[in-house]
Each structure stands twice: as structure tokens, then as C-alpha cells.
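Okay, so here's the structure we're looking at.
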Amino acid sequence: MALIVQKFGGTSVGDIERIRNVARRVVATKEEGNQVVVCVSAMAGETNNLDALAREMCGEAHPEPREFDALVSTGEQKTIALLAMAIKLLGHEARSFTGAQMGMKTDSSHTRARIQSIDSEGLRSHLDRGSICVIAGFQGVDSEGSITTLGRGGSDTSAVAVAAALEADVCEIYTDVDGVYTADPRVAEHARKLDRISFEEMLELASLGAKVLQTRSVKFAMRYGVPIHVRSSFGSDEGTWMVPEEDVMERLVVSGVTCNVNEAKIRVSNVPDQPGIAVRLFTPLGEAGIVVDMIVQNFASDGTTDMTFTVPRSDFSRALDIAMKVGEELQSALVEGDDAIAKVSIVGLGMKDHAGVATKMFQVLADENINIQMIGTSEIKISVVIEEDSADAAVRALHAALVDDAASG
């Protein structure tokens, strides 16, 4: 008997017939002799509708975070109840659990809470009695009993965290695609599905814009050694297994090309080239909860420097306001912003052992007449910031040169 955690996203439970389809798949897994925990998101569009209601109520003011979490968490509660009903109609015992009921304890950072612990005894008790446990993703409860949410994509994190707490044999992530691809198939015609991908590669791809898995869920899987199986909700394809690096059989130089258009760039120029300037700029950004990604600093011969950095596009206006305040304090600084950029990246374990990959990437972009504005690297990835309008062309060209050519060579 295996203990399997299955996660279904909003598209997979988008209407009553799709919830029935999920119920049939869950029951089939149970009838194979397994214990099953199923984690679900809100029905497709539900969270956006609840968000819109909050903003309609509050107008120009931001919704108060505690009450906002209390509102948007109701989407998952609707889904777990409906799915539990559907499973029972198929003749199996099922019980729904909210985040609080399943013991998902978080901190009090509303709308982006962090999981602190999971009391899995309640789930174990029902599993041992033969019940299918249907749990709400995305939500938990803090030390004061207030409902919290984990941020967009948080159901992935909920599922993997529960799998870790229960020491599950596998966490199956069901989505509207049939696995992890070398690029977005809608952009790169010859993108192909990977049978296996390492935790490290998937973490880079997720953080760089690939929408298959949420970044925090991959970190949980790496930390606790939870095997992840990404599969389609609507077919029987074997999907993609996420495994430790040593278990990756096909070690490609470049395993994937990804693009993130949810980026913005801010440049602060003509600032004094002296200690403490970077602290004055980046401290208030950090205090505002704005995550800064790539940073480039250029020095001038006149004793000044320029600093350019990227932030999520959703934080662009706030970050620009903060940078302008710092610029006013520095008097001579000039602050400029651009929210029409994209970050295109290549990722691959094989890049550790192959020289010249960056050179080839830059040559491909030059041949396409695509200008590189910023560059960032790690051991297994290279990222460039370019104009948003050139993003799709860049992905297609890089995939053709670095993935297709390697596969056919």
C-alpha cells in the first residue's frame, strides 16, 4: 500500500463535471489499494472573482490583509466540499479539511504566509480508517486562529508540505499540461516533454517564469526529498518526474528555455560612488516586502555610479516610488523605470560541465537583432533582460539553437 498525495489545480476542478472527473481519478487510485490525500485549489476564476469583490468594496484603499485572506480562502472550501460529495457518491468514504482542520500552522504574514508546522495526526487517523482526505490548498491558520493564505500558487506548496509531513510515497501534481516541457509549446514549436527533471533545474525554471509548479513547492520537495510527478488531469500520459540530480538519466546541456514577462526594471543613475548608497536604496525596498532580482552596477570616471535592478511587475509602481524618494534624498540622482521588459533564461545541469554556452546564447540573440540589457547567471542558468516585444522570438531562437540542435546532434 502506498500513500499518495494528489493535487488538482483550478482548471482541473473548473466546473461540476471536472470535479466529478477528479473524483473518479481519486477513487481509481484508492481502489488500487492506496491511501489517498487530495489537495485542491479553488475552481478556475473563483479567486479572481473574490479578489474583485474585495477591491470593489474597498475602492482605492487596499483590502485589509486579514479580512482579504478570510474572503479568498472560501474558494477552496467550496471545492473540497463538492469533491468530498462527489467521492461519496462513488461509494467511498471521504472527509473535507480546511487548512485549520488539517493542522496547517503558518506565521501571520497574511496573503503570503509561510508554513511553520503541520499536525498530521488527524489526517493519519482518517486515512487509517480507510477515508479519502480532501484538503484545501493555499490556506492555513496562524497562532491566533486567523485564516492565512500562502500566495498565488500556494496549493502546490500545501500539497508538497502535506506529502512531506505524512512521508508520502509520491506527490502527484495534476495540471492542464501533461508534464514539464523544454519550452512553452505555444511559443516554441518543437518543445518536447521531459521524462525526468532534477529538483535543481525545476527550481530554476519555476523561479524564472515556468508556470508548471510554484517555486516554494519545489523548495519543499528538495528539502524533504518528496518525489514529484507532474501529470495531466485530462489524459493518461506518464508526465514528468522530478528527482534528485543523480537520478536524471538524460543530462542535457540545456534542459529548458523559459520566459518571464512579469518583470520591471528601475535604474538609479548619477549617485555618489561611496559606501552605503546601495543600503539606502535596497533597505526600504526590502522593508516594503519587494523582492529585488537582478542587480547591475556601473561605475563612471567622475565618481558616480548607476544601479539597475529588476522587481516583479506587480510591485513596479511601489518600487519606483521608493526609488524616487531615495533619489530625492541623494539630490543629483536620476530615477527611470521600464515595465515593458522580459527575462529570458536557459537552464540545464549540463552547463556545469560545458564551456561556451553563454557565448552561444549571446550570439543567437545578436543574430536575431535582440539587444541584451542585463545579464544574470548561476551554475546551471543564464538569464538576460530584453524588450518584452522580443521575448517570443528569443525563446524560439534559443530553443532551436541550444535544445533542438543538441537533441539532433
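Just so it is clear, none of the values below were taken in a lab; they were calculated from the coordinates. Note that the coordinates shown come from a computational prediction; the quantities given were computed from them, not determined experimentally. Note that each Cβ is placed from the backbone with ideal geometry, even for glycine, and that neighbours are counted across all protein chains shown.
How high is the relative contact order of the stretch 224-304? Use alpha-carbon pairs under 8 Å, at least six apart in sequence, and give a whole percent. Could the numbers behind the result be given before it?
Values: 29 pairs, mean separation 15.4, N = 81.
Relative contact order for the stretch 224-304 comes out at 19 percent.
Distance between the modelled labels on K88 and M57, one decimal in nanometres: 2.9 nm (7 Å Cα→Cβ projection).
What FRET efficiency comes out for the pair A70/E32, r = Cβ-Cβ distance, R0 = 45 Å, nearest 0.05?
Working: r = 38 Å, r/R0 = 0.85.
Once the sixth-power term is evaluated, E becomes 0.75.
The GluC sites (Glu not before Pro) of the stretch 313-376 meeting both criteria, a DSSP state outside H, G, I, E and B (loop) and at most 16 other C-beta atoms within 10 angstrom of the site's C-beta, are E368.
Taking Cα pairs under 8 Å and at least six residues apart, what relative contact order does the stretch 257-408 come out at, in percent? Display every interim value, and only then the final one.
Values: 246 pairs, mean separation 43.8, N = 152.
Taking the mean separation of contacting Cα pairs over the length of the stretch 257-408, I get 29 percent.
The stretch 322-359 and the stretch 51-117 have Cα centres lying 35 Å from one another. For a test of understanding, tell me how many lysine pairs in the chain have Cα atoms under 13 Å apart, given they are 8 or more places apart or on different chains. Value for the chain: 4.
By the helix-only formula, in which each DSSP H run with n ≥ 4 contributes -39500 (n - 2.57) and the sum is divided by residues, the chain has a 222 nm mean residue ellipticity of -10500 deg cm²/dmol.
Can you tell me what share of the DSSP beta bridges in the chain is antiparallel? A percent to the nearest 5 is fine. The antiparallel fraction comes to roughly 60 percent. Potential lengthening of the chain between F234 and E368 amounts to 44.5 nm, from the contour at 0.36 nm per residue minus the alpha-carbon distance. Listing M104, M1, M324 from fewest to most neighbouring C-beta atoms within 10 Å gives M1, M324, M104.
Can you tell me how much longer the chain between E189 and L334 gets when fully stretched, taken as 0.36 nm per residue apart minus their C-alpha distance, in nm with one decimal?
Here the answer is 48.0 nm.
Please arrange T148, T308, T157 by counting, for each residue, the other beta carbons lying within 10 Å of its beta carbon, fewest first.
Details: T148 30, T308 19, T157 26.
Ordered from fewest to most neighbouring Cβ atoms within 10 Å, T148, T308, T157 come out as T308, T157, T148.
Take every pair of alpha-carbon atoms less than 8 Å apart whose residues are at least six positions apart; their mean separation over the length of the chain yields a relative contact order of 13 percent. Near the amide H of V271, within less than 5 Å, lie the amide hydrogens of T305, all on another chain or at least 5 residues away, with H placed in the peptide plane. Site pair N49 and I375 shows an inter-label distance of 4.9 nm when each label is modelled 7 Å from Cα along Cα→Cβ.
With Cβ to Cβ distances under 11 Å as the rule, what net charge do the other residues near E204 carry (K, R +1; D, E -1)?
Values: positive: K381; negative: E200, E201, E379.
My count for the surroundings of E204 gives -2.
As a proxy for reagent exposure, I382, I115 were ordered by neighbouring Cβ count within 10 angstrom, fewest first; the result is I382, I115. Averaging Cα coordinates gives a centre for the stretch 1-46 and one for the stretch 159-224; these two points are 18 Å apart.
For a test of the definition: using alpha carbon positions, the gyration tensor, and the 1.5 limit on a/c, classify the stretch 257-408 as rounded, prolate or oblate. Intermediate results must be reported in sequence, preceding the final value.
Numbers: a/c = 2.31, a/b = 2.00, b/c = 1.15.
Prolate shape, in that a/c is at least 1.5 and a/b is the bigger ratio.
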